[in-house]
Every structure is written in structure tokens, then in C-alpha cells.
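Input: a single structure, listed below in C-alpha cells.
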């Protein structure tokens, strides 16, 4: 085996066909990081002149002209091949030291223990504890914090039909999708020039729920980097309130006609009561829609927005937001269903709803995020996490400095 630097082209070709590939280990992400001052290196291991392992290394200057090295979702290799992992790690450590690195971080795209839809460990399921143990033997230390998502929720869609996927959803989720379709919510893809529509929704959500939202330049760069190969999509949902009112009025009229035909006797009391309740509900919805038109001074309103990364074999639901006053329309369900169907039509194997709170079976904070995703059916995925490999004595010094300053 021979460790060596490889070209960007060699790395991309290897990444393209590797089972552990993800958007975070793509060349496009390195280009994004470079705009923030990171350096990029590509290294690998060849055997008989064939690449059998590779990783993308990102380096950022920290203190005293020393560098932090990070391999997002690296390595790309067979983690069960302990000899290869050990050789690659030893050589990487020497390489990073030569490049003035003091720390190497890695967060492999490897499942820790197989879990079911409720987050419970599957008996006799996949267990990669041995991979974790091997990394620790090589000197890796489990990070107390992590940069990337550690727990995800995913849905396998390979060899499924729309009918099968709908049937396997929770009844409430299925009904919500049908209702959103019925009332006329439109799902519209947003191009580069209209990213501000998506961003405004995201920004509003971040301020309301107190989470950090990146500057719009991040989303613009992601669009420029991934859109040439159709690997990123931004969507917003919108509702034409005039058409919405028209639909409700038609349903209301149909209920009123049925009510008029019913004889006023005790045998029809239940039907009469139900029809009157429906009519009252329709009148309330019409009034609410009219109030929105009056308030917004427009007939069409935006409801929600979402961002997806589409790189085989999975579609990743990366970011989203909703206007709080319009959450009752449940338009996010419709966006998810649209992308699930897109995945079916374009040969994707998995729809990855992405991040959920850790230890979900313990009902942590933000449990509702998981409940929304769970409604579509699927399973919880726990990754093995992020690890740090100390390269030089500066590692402990910088850890101490960060602790004193209260930094991560």
C-alpha cells in the first residue's frame, strides 16, 4: 500500500462511486470552505496503482501558525479493514504534521447501531462498535461537540411505489398531504434570482425559534456550486387565496344543497348537525382567508420553504422554514411528498429527512421535529460521531486556551 497526494479529479472519481459518499465530502463543499479561508488537500492509498482509500482534507489556520485539519464525513474506505484504516491513519498523521497541523477531526458517514422507527436499537441489527473501538485504539478521541448532524431519520424508497409509500405513512400524515393538495397549495421551485423568497421564510423562522440562520450568501453559493448538476433544489409553497375561497365556497354550497334536501325529523338529526358544523367551518375558513387578504394586501401568500441536496443515492432535506401564522396549512408535508416522488422517479434509494435530536427514544427537546418526520415512516440513524486525533503537543495547549476563553 502506498499513501500519496491525489488529484482533485482522482478524488472525485473515487468519491462518485463510493458507498460512503455524501454531499459533505464532495469537492463542491471544499470550494465553499475555501471562500472562508480553508485550504484543501486530497490524499489516498493506492494498491497495485489502484485507489482503495481517499479523503478530502480541509485545513484552517488557528493559533501560532498551526492548522486545524478536518475531513467532513471522511474517510472513504472500508472501515472494517482494520489494516487499511490503521495504515491510512498513521500516514495521515505524518502528512498533517508536515503541513503544520495540530489536530485532525473526522466524522465518518458510518451508522453506529441500527435503530428502528422509535429510536430503539434493533436486536441483532447492524452494530459498528468495533469500528469505534478501532478508531479509539488509533488515538482518536470522541469530540464533546460535533459540527455535523449525528442523528438522522431516513426513509427507504428503492423499489417502492407511491401507493405503497402512502399506505405505510401514518394516517394523519397521509390525510394531511391529501388535504394540502385539495385546498390548492402550490409547490414552486425557486431559482437563484428568487432565493430571497426562500431566505426570508428561513430568517423569520430562525428569529422565532431562536436558531442561527446563515447569511443568504451561503445559500447562493450552494446554489451556484450544486445546481449545474441539478444537485440542489429550493422550494417554496404558496396559496392563491382567491382560488382557495372559491373552492371552499363550492364545498359550502354543496353542503347547503344537501342540507336543504333533508327532512327535518329525528332520523336526520345527526346528518343535519354534521352538515351545519361543516358549513360553519367553511364560513370560518373563508373569513380567515379574507382577513389575510386584507392584512397582506395581496391574493397570493407564501407559506413555507425548504432546501434539498440531491446526490445519489439519497435526497437530503437540509433546511426549512415556515411562517408561523400559516403553519395550519401544513404545506411542509406537501414539499416532502413532492421530493419523495421525485426520488422515486429518478432512481434514488433513500429520502433522508436529516437531523433529529439525539437519543430520540428519551423524548428530548424538539421532539416535534422527529414526530413530523416519523409520520412519513422510516427509521432512526445514529452515526458513530465526530472524533479528534491529536497531532502535536499543541493540541492540549489549544484545548486549554479554548477552555479558558469558553470556546468550543
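The values are calculated or read from the model by the stated rules, or taken from the named source; none is laboratory data. Everything numeric here is computed off the predicted structure, so don't read it as measured data. Backbone-built Cβ (ideal geometry, glycine too); neighbour counts: all protein chains shown.
What to note about this one:
- Filtered residues of region 356-369 (kept if outside any loop (DSSP other than H, G, I, E, B) and out of contact with any helix residue (DSSP H, G or I) (no Cβ under 8 Å at 6 or more places or on another chain)): 361, 362, 368, 369
- Strands (runs of 3 or more DSSP E) contained in region 267-355 and holding at least 2 residues without any contact (Cβ under 8 Å) to a residue 40 or more places away in the chain: 314-322
- Flag for residue 81 being at pLDDT below 95 and more than 29 Å from residue 399 (Cβ to Cβ): no
- The set of residues from region 4-32 being under 14 Å from residue 314 (Cα atoms) and either without any contact (Cβ under 8 Å) to a residue 24 or more places away in the chain or more than 18 Å from the chain's Cα centre (by Cα) (or both) comprises 16, 17, 18, 19.
- Any hit, region 386-400, residues being in the same structural domain as residue 231 (by TED's automatic domain parsing), crowded, with 22+ Cβ neighbours inside 10 Å, in contact (Cβ under 8 Å) with a residue 60 or more places away in the chain and in contact with a strand residue (DSSP E or B) (Cβ under 7 Å, 6 or more places away or on another chain): no
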